[in-house]
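Asker: To start, I am sharing the structure in question, which I have written as structure tokens.
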Amino acid sequence: MKKKDLMVILSIAVVAILVFVGVRVFTEEKTNEVGIVYLNNQEVLKFDMNEDYIYEFDGAYGHMKLEVKDEKWRIFEEECPTHICSKMGFVGKDDLVPIVCIPNNITVTTVELK
């Protein structure tokens, strides 16, 4: 292998690494989103999706608990006759369906801060 061939291969490798790193850095999503709990279409709780925590709040029917873990969240305890919202399990910002509890009139979704 000639010295010129080695230089060409090394140059191509360096350019490929720089392109790979550049694409990863500049395409990384940097959103300013937060989770919001609405009661009767009014905000009652705002939460950081990146911070693991358990929140408690009251819905129209009774008391509820929201667990945030690993950038996902779920209702895991609620006073409600159907318990459908807790059966939904964990959802995250990329999921298309928000958590909705009709008896408690609660919606848990995300919004982008301006």
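Asker: Tell me, yes or no, whether segment 62-72 has at least one residue that is at pLDDT below 90 and more than 16 Å from the chain's Cα centre (by Cα). Outline the logic, then answer.
Answerer: Pass one, segment 62-72, residues at pLDDT below 90: none.
Looking through segment 62-72, none of the residues is at pLDDT below 90 and more than 16 Å from the chain's Cα centre (by Cα).
Asker: Counting only residues that are within 17 Å of the chain's Cα centre (by Cα) and modelled with pLDDT of 90 or more, how many does segment 95-106 have? It would help to see each step written out before you state the result.
Answerer: Within segment 95-106, the first condition is being within 17 Å of the chain's Cα centre (by Cα), and the residues that meet it are 95-100.
Then keep just the ones that are modelled with pLDDT of 90 or more; that gives 98-100.
Count: 3.
Asker: So M49 clears everything in (1) surrounded by fewer than 13 Cβ atoms within 10 Å (Cβ to Cβ); (2) in a loop (DSSP other than H, G, I, E, B); (3) touching a strand residue (DSSP E or B) at 6+ places or on another chain (Cβ under 6 Å) except one condition, right? Which one?
Answerer: (1)
Asker: Would you be able to tell me the number of residues in segment 73-94 that are among the aromatic types (F, W, Y) and more than 13 Å from the chain's Cα centre (by Cα)?
Answerer: Applying the first criterion (among the aromatic types (F, W, Y)) to segment 73-94 yields 73, 76, 90.
Next, only the ones that are more than 13 Å from the chain's Cα centre (by Cα) stay: 76.
Adding up the residues that qualify gives 1.
Asker: Among the numbered criteria (1) more than 19 Å from E43 (Cβ to Cβ); (2) in a loop (DSSP other than H, G, I, E, B), which one does F76 miss?
Answerer: Every condition holds for F76 apart from (2).
Asker: Moving on to the next point. Take the residues of segment 6-46 that are acidic (D, E) and in contact with a strand residue (DSSP E or B) (Cβ under 9 Å, 6 or more places away or on another chain): which is modelled with the highest pLDDT? Show your work before the answer.
Answerer: Let us first name the residues in segment 6-46 that are acidic (D, E), namely 28-29, 33, 43.
When the remaining residues are screened for being in contact with a strand residue (DSSP E or B) (Cβ under 9 Å, 6 or more places away or on another chain), the result is 33, 43.
Numbers: E33: 87, E43: 95.
Only one residue fits best here, namely E43.
Asker: Just name the residue that is nearest to V68 (Cα to Cα) out of those in segment 96-108 that are surrounded by 16 or more Cβ atoms within 10 Å (Cβ to Cβ) and touching a residue at least 60 places away in the same chain (Cβ under 8 Å).
Answerer: Restricting to residues being surrounded by 16 or more Cβ atoms within 10 Å (Cβ to Cβ) and touching a residue at least 60 places away in the same chain (Cβ under 8 Å), the top hit is V108.
Asker: Still on this model: Name the residue, out of K93, K69, that is charged (D, E, K, R) and surrounded by fewer than 15 Cβ atoms within 10 Å (Cβ to Cβ). Give the steps one after another, and end with the answer.
Answerer: On the way: K93 fails: surrounded by fewer than 15 Cβ atoms within 10 Å (Cβ to Cβ).
Going through K93, K69 in turn, just one is charged (D, E, K, R) and surrounded by fewer than 15 Cβ atoms within 10 Å (Cβ to Cβ): K69.
Asker: Out of the residues in segment 66-114 that are among the polar types (S, T, N, Q) and out of contact with any Leu (no Cβ under 9 Å at 6 or more places or on another chain), state the one that is farthest from V34 (Cα to Cα).
Answerer: Per the criteria, the residue is T82.
The values are calculated or read from the model by the stated rules, or taken from the named source; none is laboratory data. What you are looking at is a predicted structure, and each value in this text was computed from that prediction instead of being measured. So basically every Cβ, Gly included, is an ideal-geometry build from the backbone, and we count neighbours across all protein chains shown.
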